[in-house]
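Novice: The structure's right below; bear with me while I get my questions together.
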Amino acid sequence: MARVLLIDDDQSNLDFMRQFMQIEGHELVWAADGEQGLAEVRQFRPELIICDVIMPHLGGYAVLETVRADPQLSGIPVLLFSAAMNEVARAIALRRGATEVLAKPLELAQLRSAIRRCLGQER
């Protein structure tokens, strides 16, 4: 079981992830935007951050850059996802330090594999 932080402003994604994480046996904490997410990262110390790219206040790229710049947080895997994820956006996200990148809508098999790779459970 891993501690997972979901940062997303979409309630339907939250509902989906709660059910998915429960089935997978992971503990889920949720933040509605990047600012709240960064506060949760520091308090909750997740083993994985799953973050939407496009959000109000502070988007996924800013969250990623903040996490990567902090020596105490930089080792946490970050899985970014977005409806606007194409090959160019994927390359940018990976270059900025994302561990995994997925496109919305999230597919169960892809999400499960990406989470396992992030947690070092699958190669």
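Novice: Condition first: under 24 Å from D15 (Cβ atoms), open to solvent by less than 60 Å² (accessible area, probe 1.4 Å) and without any contact (Cβ under 8 Å) to a residue 60 or more places away in the chain. Now tell me which residues in the range 107-123 satisfy that.
Specialist: Of everything in the range 107-123, those that are under 24 Å from D15 (Cβ atoms), open to solvent by less than 60 Å² (accessible area, probe 1.4 Å) and without any contact (Cβ under 8 Å) to a residue 60 or more places away in the chain turn out to be S113, A114.
Novice: Quick one: would you say P46 is open to solvent by 50 Å² or more (accessible area, probe 1.4 Å) and assigned to a loop (DSSP other than H, G, I, E, B)?
Specialist: No: the conditions fail for P46.
Novice: Applying the selection to the range 82-106, what residues are open to solvent by 50 Å² or more (accessible area, probe 1.4 Å) and more than 18 Å from V4 (Cα to Cα)?
Specialist: Listed by number, the residues that qualify are A83, A84, N86, E87, V88, R90, I92, L94, R95, R96, K104, P105.
Novice: Quick one: which of A109, A103, A84 is among the aliphatic types (A, V, I, L, M) and in contact with a helix residue (DSSP H, G or I) (Cβ under 9 Å, 6 or more places away or on another chain)?
Specialist: A103
Novice: Do you know which residues across the range 10-37 are surrounded by fewer than 21 Cβ atoms within 10 Å (Cβ to Cβ), over 21 Å from E107 (Cβ atoms) and out of contact with any Lys or Arg (no Cβ under 6 Å at 6 or more places or on another chain)?
Specialist: Correct list: V29, A32, D33, E35, Q36.
The values are calculated or read from the model by the stated rules, or taken from the named source; none is laboratory data. Note that the structure is predicted; figures quoted are calculated from it, not measured. Heads up, the Cβs are rebuilt from the backbone with ideal geometry, glycines too, and the neighbour counts pull from every protein chain shown. Accessible surface areas use protein heavy atoms only, side chains included; no ligands, DNA or RNA. Shrake-Rupley method; radii C 1.70, N 1.55, O 1.52, S 1.80 Å.
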